[in-house]
1. Averaged per residue, what accessible area in Å² does the chain show with a 1.4 Å probe, protein chains only?
2. So, R0 is 41 Å and r is the distance between the beta-carbons of residue 123 and residue 160; what FRET efficiency does that work out to, to 0.05?
3. Give, in nm to one decimal, the length gained when the segment between residue 35 and residue 134 is fully stretched (0.36 nm per residue of separation minus the Cα-Cα distance).
4. Quick check: residue separation of residue 53 and residue 92 times 0.36 nm, minus the Cα distance between them. What number comes out in nm?
5. Which shape class applies to segment 2-93: rounded if a/c is under 1.5, otherwise prolate when a/b exceeds b/c and oblate if not, where a ≥ b ≥ c are the square roots of the Cα gyration tensor eigenvalues?
6. If I stretch the segment between residue 46 and residue 189 completely, what's the gain in nm (0.36 nm per residue apart, minus their alpha carbon distance), one decimal?
7. Could you calculate the FRET efficiency of residue 60 with residue 23 from 1/(1 + (r/R0)^6), where r is the beta carbon distance between them and R0 is 22 Å, rounded to 0.05?
8. Once neighbouring chains are kept in place and the probe is 1.4 Å, which whole percent of the accessible area of segment 12-160 is contributed by carbon and sulfur?
Amino acid sequence: MKIALMDSGIGLLPAAAAVRRLRPDAELVLSSDPDGVPWGPRTTEDITAHALATARAAAALEPDALVVACNTASVHALAALRAELEPALPVIGTVPAIKPAAAAGGAVAIWATPATTGSPYQRRLIADFGGAAQVTEVPCPGLADAVQHADEDAIDAAVAAAAALTPDDVSAVVLGCTHYELVAERIRAAVQTPA
């Protein structure tokens, strides 16, 4: 089996690692957009154009499935990707994991790119799967770009800014951008309440 993964940049690496753990036998194809990264601050139209170009590059290698390892691209371009590539190539989106976070109970914060935060798609996810959980959307401008470029000072500043917007009583933080997984320990440390 050949599985393609696409993202604007290095956010596809944690997703690829997860796929590798689940399917160690699969051949992985990684497709990114280094000239267009990050997609988070772009318009829906621009995100869709970049996502389609990146998906076409992956599809040219004839994978058995395409994983859109980008919450922003899934939220804004999944319908366009599926319209163009399916049924010949199954397209699997990646969206903020609101359902499992809310199911655990307690307050939930969703850290995501500005394009994902407040989007109609994310608001539908919250309405459909948030249940009784108090869900706070936390925009993280600049965090994906800082992670992409390994800018330690910018990462610290973006994490601190997002942590300041995160309620103290959250029991779960949903990482709504695959780039954020690369700094998950820093995020966890920033939102932990001292005992």
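1. Heavy-atom accessible area per residue stands at 47 Å².
2. Values: r = 26 Å, r/R0 = 0.64.
The pair residue 123/residue 160 has a calculated efficiency of 0.95.
3. On the way: separation 99, 0.36 × 99 = 35.64 nm, distance 3.76 nm.
Using 0.36 nm per residue and subtracting the Cα-Cα distance, I get 31.9 nm.
4. Working: separation 39, 0.36 × 39 = 14.04 nm, distance 1.65 nm.
Extra length from residue 53 to residue 92 when fully extended: 12.4 nm.
5. On the way: a/c = 1.89, a/b = 1.33, b/c = 1.42.
Verdict is oblate for segment 2-93.
6. Numbers: separation 143, 0.36 × 143 = 51.48 nm, distance 3.39 nm.
This chain segment gains 48.1 nm when fully extended.
7. In this case the efficiency is close to 0.55.
8. Numbers: 3950 of 6950 Å².
So the carbon and sulfur contribution to the accessible surface is 57 percent.
The values are calculated or read from the model by the stated rules, or taken from the named source; none is laboratory data. Every value quoted in this text rests on a predicted model; they were computed, and no experiment measured them. Methodologically, a virtual Cβ is constructed for each residue, glycine included, from the backbone with ideal geometry; neighbour enumeration extends over all protein chains shown. When the accessible area is computed, the model is the full protein with side chains, heavy atoms only, and any ligands, DNA or RNA have been set aside. Shrake-Rupley method; radii C 1.70, N 1.55, O 1.52, S 1.80 Å.
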